[in-house]
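Provided herewith is a single structure, encoded as structure tokens, for subsequent inquiry.
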Amino acid sequence: MKKLKGMSIKGAIAATALCLASSNALAAMITVEDSFGVMGSSTAVDVGQESAILSIAGFNSSLGTLTGVTLTAFGQINATGTSQNNTSENGNTVATLGTLGSWGVVSGVTHDFVFARGSSFLDAAESSSSGDYDMAPGDLFSFDMGSERSGDMSIIDYSAFTTDGMIDFRFNFRAETVIRNFTDAGRETFANTSNTGAWGKIVATYTYDAAPVPEPGALILLTAGLLGLGLRRKQR
């Protein structure tokens, strides 16, 4: 067999094929997410709605081979409001924020995730220290309370993330804001307003081995081998 620069044309092409075959898959990562409401808002999603469904896309198998899944749930409940002392005496206002039943996330592919179990206290605001009556007649007290929590979810069905479909998560949230007013004489004629809202987000991080692609050097070598083969054939 005729040689080309110390190597047969057949050998050059074989070496190129070996180089292409040895291109390693690269470890990679991609993140998908979905959310409801507005972070920090007490009005965008009223807690009276009680639940919200979020959906994220499963792993796109055309990207490569899935090697790991991490799911993180984020939740927040906020309350804002005002209290005005309409009595003729100094007063005090105490506002509290709490859940009515468990606050958490439910999915068919994970164990249930709980931000707060059962009816729980979340936050409080006071116009003054307990027992002090610093709200003069006509004074307006404004409050802004909230609780933000997050954590990783435990997966029980990894196959659901490899079907290229959508995966649903239901956020459950019932909460209430309670406003209590006091005066030294016991009169409680105050004008109170409040809004209580929820926000939530689910984030999935997929780690995977990307499908191998030919390296630039291998493509150049293959092209040179094929061109050389064409030249040798013309010279025969």
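For every other residue with a beta carbon closer than 13 angstrom to the beta carbon of GLY108, add +1 if it is Lys or Arg and -1 if Asp or Glu, then tell me the sum.
-2
Next question, about the same structure. Can you give the extra length, in nm with one decimal, that the chain gains between ALA136 and TYR158 once fully stretched, where that is 0.36 nm per residue apart less the Cα-Cα distance? Each step should come with its number before you reach the end.
Numbers: separation 22, 0.36 × 22 = 7.92 nm, distance 6.02 nm.
That pair, ALA136 and TYR158, stretches by 1.9 nm at full extension.
Skipping prolines and chain starts, which residues have an amide H placed within reach, meaning under 5 Å, of the one on PHE115, given they are 5 or more residues away or on another chain?
The answer is TRP103, GLY104, VAL105.
I want to check the label-to-label distance for ASP144 and GLU126. Put each point 7 Å from Cα in the C-beta direction and report it in nm to one decimal.
So the label points at ASP144 and GLU126 sit 2.2 nm apart.
Calculate, for ASP184 and THR43, the FRET efficiency according to 1/(1 + (r/R0)^6) with r their C-beta to C-beta distance and R0 41 Å; round to the nearest 0.05.
0.75
Still on this model: What does the charge add up to near GLY75, with Lys and Arg as +1, Asp and Glu as -1, over the other residues with Cβ less than 9 Å from its Cβ?
With Lys, Arg at +1 and Asp, Glu at -1, the net is +1.
What length, rounded to one decimal in nm, is gained on full extension from THR72 through to VAL32, with 0.36 nm per residue of separation minus their alpha-carbon distance?
Working: separation 40, 0.36 × 40 = 14.40 nm, distance 1.09 nm.
Length gained between THR72 and VAL32: 13.3 nm.
Something else: Mind grabbing the accessible area of ILE179 for me, 1.4 Å probe, Å², rounded to tens?
40
The values are calculated or read from the model by the stated rules, or taken from the named source; none is laboratory data. Being a predicted model, the structure only gives us computed values, none of them experimental. Counting neighbours? That spans all protein chains shown, and the Cβs are built from the backbone with ideal geometry, glycine included. Quick note on the areas: whole protein, heavy atoms, side chains included, nothing else; ligands and nucleic acids left out. Shrake-Rupley method; radii C 1.70, N 1.55, O 1.52, S 1.80 Å.
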